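Please treat every number below as a calculation from the coordinates, not as lab data. None of the values given here were measured: they were computed from a predicted structure. Heads up, the Cβs are rebuilt from the backbone with ideal geometry, glycines too, and the neighbour counts pull from every protein chain shown.
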Amino acid sequence: MNSFTLTQATAADEAVRDYAGHEHAAYLGGGTNLVDLMKYNLERPSHLTSLGLLPLTDITSLPDGGLRLGALATNADTAWHPEVEKRYPLLSQTILAGATPQLRNAATNGGNLNQRTRCYYFYDLAAPCNKREPGTGCSALTGPNRVCGVLGTSESCIATNPSDMCVALAALEATVRVQGPNGERTIKFDDYHRLPGDHPEKDNTLEPGELVTAIDLPAEGYADHFTYLKLRDRSSYAFALVSVAVGLKMNGNTIEKARFALGGVAHKPWRDQEAEKMLEGQTASPDLFRKVAAKVFAEAKGYGEGSLHNSFKIELGKRAIVRALKQATEMKYEVNPNVFLNSNP
Amino acid sequence: MSLHFIQEPLDKAAPHVVPTQAVTLNVNGEDHTIQIAPWTSLLDALREYLDLTGTKKGCDHGQCGACTVLVDGKRINSCLALATVYQGKKIETIEGLGAEDNLSPLQQAFVDHDAFQCGYCTPGQICSAQGLINEGRCKTEDEVREHMSGNLCRCGAYTNILSAVMEVLHDGQVVVDNGTLVTIPAQPTQSSSVN
C-alpha cells in the first residue's frame, strides 16, 4: 500500500471540500473494496477523505411513499431494516445474496454502488487492462473470461459490474443522490453506471469529487411478486455468473407491471425496457417468458466456448430469466435460494 | 472512483517521514492509545501494537475471515478496516470473549465438539459465530452454514464447527426438520490429540 494522509469528515460538504483540496484523493466508506484495492496497489490515492462520521446512516420514509437509504448505512443494516424487509424484500434478498456477513457489516450503500469489477485481468497488474490502465488493451477478449460480460460490451472491455444490490436497485428504479463541488443533483439508477465504450476506466457517471449521499427508492416495492435468482459457481460467497432481479405487479395471472434487471452479464446492471413492456398486460406463461428472454439476449455476444469462456452465459441467462419470472409470478421456488432470509415466502 | 498511478520518489535517499498520529482504541473494554500511520489496519493495530495476537492474519484481503472481530457487537474483517477510523467504537477480540479459566460458551463448545484441527481460523470462527448469535437471524443448520460463509477452515473442520455453533445458538438444543427444538444428549468429548 502507498502512503497517504487521512481526514475524517463530519459533514457531506466538509467531505467534498476536503476531497477537492487534495490531489489524488479518494472517499473512504466501509473500505471493504477500496482498502483491498489499495493493498493490491490497484488504487493509489495520496489522501483519503473518510466518511465514517457523516450523518448519512439513516433509512427514512419519503413523503411520496418511498424510502431513502443513507449512503453510509451498511449493507447489513439496510437488508435487515424493518421497512426494507417489509416493503422492498427484493432489495433485502439481493443484498443478503452477496458477500459475507463480515463484509456486509462494514460495506456501505454508497460504496456498494462504487465497487469495482472483479475481472481477473483488472486485478492482475502484469496483464494489459484498459480499465486499470487505459490504452494497454483488454486481456479478457481472448483469455479465460468466464466471469465477463456478454451484453453491451466493447472491444475495449468486457468486464462486469460485480454488485448484487445494484441489480435490485435497477429493477426498483432507484434514484442516486449525489453532492459535489457544484452542489447536489440526482441521477436515475439506469444512468448511474455506464457501458464501457472507449472509456472502460470510467465505471459510472459521477463527476470528479462527487459523493453519493443517499439512494431513494420509489413507493412501489413489488413486495407481493419478486425474486432474486443468483447463479454462481458455489452456493455461497461467490459473485454472480448470471443473476436476475424481478419485481412484478400481478392481477390474478395477468402481469400489470414488470421490472427486471440482470447482473453478471454487463458493465452495468442490465435492464431492457422493451422486454419489460412485452410482459405488461399479458398472461404469465412459460412461452411468454421464453420470448422475453430471447429478446433480452438477441444481441448478446459471447467471447469463446467452453467452461473457461463466457458464451455459456447467453443460454444460462435466458433460462435464468424464465425461471426468475416464474418464481416471481408464483412466489414458489424450485430450489429455495434463501436460507438467509427469515421473511421467505 | 478513478485510478491514480503515482510515481515513487526517484530520490530514494530522501528522508521519508511516516505521518503517525495518536489513536485511542477501545478494545475488550479498555482504552489503548497508540501512535500509528493512517494505513495501519485494525488487524495490525491489534496484533503489532496491542499484542493481542489471538486475532489472526490469513489472506489479509477479507476473504478468509481469520481476522474477524466484533465492533459494537457486529462482526467485521479487521484486515480491511483502517484502525484510525475505529476510534470511539467498542472493539471485541477473542481475548475479550473469555479467559483460559473462564471460557465463553462458544469457546467451550469448540473444545467440546473438537471444532478445529490447526486452530488458526478458530478465533475468527468464534468471533464470527458470536456475531451470528448477536444478529439473532439464524435458527437452522442451513442458515448457520450460510451465515458462517465468511470464515474458511483449511483443515475442513466445518462439520464440528457447525455442531458447536448450533449447540450454543440453541443453548444445547438443535432444530429438527419440522422446526421444533429438541434437546440432544451431551456428546462424549472427543480426544483432540495430535495424530
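A few notes on this one:
- More than 34 Å apart - percent of Cα-Cα pairs taken over the protein assembly as shown: 41 percent
- Checked against a 30 Å cut-off, the cross-linked pairs A:K188/A:K249; A:K39/A:K301; A:K268/A:K332; A:K188/A:K230 give Cα-Cα distances beyond that limit for A:K39/A:K301.
- Cross-link partners of B:K89 among lysines (Cα-Cα below 23 Å; sequence separation of 8 or more within a chain): B:K56, B:K57, B:K74
- Peptide A:29-42 - average C-beta neighbours from other chains (10 Å radius): 4
- Over the range A:84-128 - Rg/Rh using Cα atoms and the Kirkwood inverse-distance radius: 1.13
- Peptide B:122-128 is shielded by partner chain Cβ atoms: per residue, an average of 1 of them sit within 10 Å of its Cβ.
- Peptide A:249-257, shielding by other chains (average Cβ, 10 Å cutoff): 0
- Taking 13 Å as the straight-line reach from the Cα of A:K277, the aspartates and glutamates in range (excluding those fewer than 8 positions away in the same chain) are A:E256.
- Counting only the Cα atoms, the range B:21-97 fills a convex hull of 74 Å³ per residue.
- In this structure the amide hydrogen of B:C138, modeled in the peptide plane, comes within under 5 Å of no amide hydrogen from residues 5 or more places off or on another chain.
- Ignoring lysines fewer than eight residues from B:K139 along the same chain, none have Cα atoms less than 17 angstrom from its Cα.
- With 5 Å bins beginning at zero, the pair-distance distribution over Cα atoms of the range A:1-53 amounts to 5, 23, 32, 23, 13, 3, 0 %.
- Positive minus negative residues near B:T40 (Lys, Arg vs Asp, Glu; Cβ under 15 Å): -1
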